[in-house]
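Report on the following structure.
Laboratory data are not the source of any read-out in this text; all were calculated from the coordinates shown. A quick note: this is a predicted structure, and the numbers were derived from the prediction, not measured. A quick note on method: Cβ atoms are made from the backbone with ideal geometry, for glycine too, and the neighbour counts reach across all protein chains shown.
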């Protein structure tokens, strides 16, 4: 493929990859913190377990996909910037 036609997508895929790595690292750190925290009793134990489950599920989802998180893109007639369509909501911090 012509690099002039794919350069924007390549930059976007690099940003998606970086966002995935960053999100996975943050989730891993949060999961380790949650697992090391005392469970407590009653409601506190249930809240901790729910948080561990949520973090584990999100981390598993991020690890399941790679660049295939991006399903495609479209370009509007009135705006040359492509709009990328993905499986999950990822943000780049900007």
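General remarks:
- Summary of packing: across the peptides 53-60, 42-49, the per-residue average of other C-beta atoms within 10 Å ranks them, highest first, as 53-60, 42-49.
- With contributions of -39500 (n - 2.57) from each DSSP H run of at least four residues, the per-residue ellipticity at 222 nm computed over the chain stands at -21500 deg cm²/dmol.
- Here the label points at residue 71 and residue 46, each 7 Å from Cα along the C-beta direction, are separated by 3.6 nm in the simple model.
- Extension gain for residue 19 to residue 32 (0.36 nm times residue separation, less C-alpha to C-alpha distance): 2.7 nm.
- Distance from segment 60-87 to segment 21-55 (C-alpha centre basis), Å: 29
- If you plug the beta carbon distance of residue 81 and residue 56 into 1/(1 + (r/R0)^6) with R0 = 41 Å, you get a FRET efficiency near 0.70.
- Each peptide among 9-16, 79-86 gets the average number of other Cβ atoms lying within 10 Å of its residues, and from highest to lowest they stand as 9-16, 79-86.
- Sorted peptide list for 25-31, 69-75, criterion being average Cβ within 10 angstrom, highest first: 25-31, 69-75
- Whole-Å semi-axes of segment 3-86's equivalent ellipsoid (Cα gyration tensor): 38, 13, 9
- Rel. contact order, % - alpha carbon contacts under 8 angstrom, at least six apart, the chain: 28
- Helix 43-64 axis, angle to the chain major axis (alpha carbon atoms, nearest 10°): 30
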